[in-house]
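As structure tokens, the structure follows; a few thoughts come after it.
The values are calculated or read from the model by the stated rules, or taken from the named source; none is laboratory data. The structure displayed is predicted, hence computed values, not measured ones. For neighbour counting, all protein chains shown are included, and Cβ atoms are generated from backbone atoms with ideal geometry for every residue, glycine included. Note: accessible area is taken over every heavy atom of the protein model, side chains too, but ligands, DNA and RNA are not part of it. Shrake-Rupley method; radii C 1.70, N 1.55, O 1.52, S 1.80 Å.
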Amino acid sequence: EVQLVESGGGLVQPGGSLKLSCAASGFTFRMYVMRWVRQAPGKGLEWVSVISSDGSDTSYADSVKGRFTISRDNAKNTVYLQMNSLNAEDTAVYYCHAPFLSKWGQGTQVTVSS
């Protein structure tokens, strides 16, 4: 079965950093574009970042550009999101998404608070 499992979320103080991971299985991971999407409390889904299948091309929402970095390791079937300079507006559930497969992970909670 196709599965995406996010991990790495937690509680962090403003200005801190976290690195999220999304472990994929059940499909040929290296052939697929991957995305990160988040949902803040009481808000809709917000696209965060996307990475090409080979990792050579990336794109970011304006709200996270310069602070977040998406990457992938196809040998490990894993996509990452390095998050730096976190602020309260980054508090959300973060989801891993494989658009071509219409497959979502279960999400991981990121809470930025002092």
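On the beta carbon distance between S25 and A61, with R0 = 22 Å, the FRET formula returns roughly 0.20.
Other residues with beta-carbon under 13 Å from the beta-carbon of V112 carry, at +1 per Lys or Arg and -1 per Asp or Glu, a net charge of 0. Here the label points at V2 and W47, each 7 Å from Cα along the C-beta direction, are separated by 1.8 nm in the simple model. Indicate the gyration tensor shape class of the chain (rounded, prolate or oblate), computed on the Cα atoms with a ≥ b ≥ c the square roots of the eigenvalues: a/c under 1.5 is rounded; otherwise a/b larger than b/c is prolate and the rest oblate. Prolate is the answer for the chain, as a/c is 1.5 or above and a/b outweighs b/c. Potential lengthening of the chain between L11 and A40 amounts to 9.0 nm, from the contour at 0.36 nm per residue minus the alpha-carbon distance. Normalised per residue, the accessible area of the chain is 51 Å², obtained with a 1.4 Å probe and no contribution from ligands, DNA or RNA. Taking Lys and Arg as +1 and Asp and Glu as -1, the other residues whose beta-carbon sits under 13 Å from that of F29 total +2. Under 5 Å between amide hydrogens, built in the peptide plane, is the criterion, and for G55 it picks out nothing among residues at least 5 positions away or on other chains.
Per the Kirkwood formula applied to alpha carbons, region 49-114 shows a radius of gyration over Rh ratio, Rg over Rh, of 0.97. The slack between T69 and W104, meaning 0.36 nm per residue of separation minus the straight C-alpha distance, is 10.6 nm. Annotation for region 20-114: trypsin sites (Lys or Arg not before Pro) lying in DSSP loop with at most 11 further Cβ atoms inside 10 Å of their Cβ are K43, K65.
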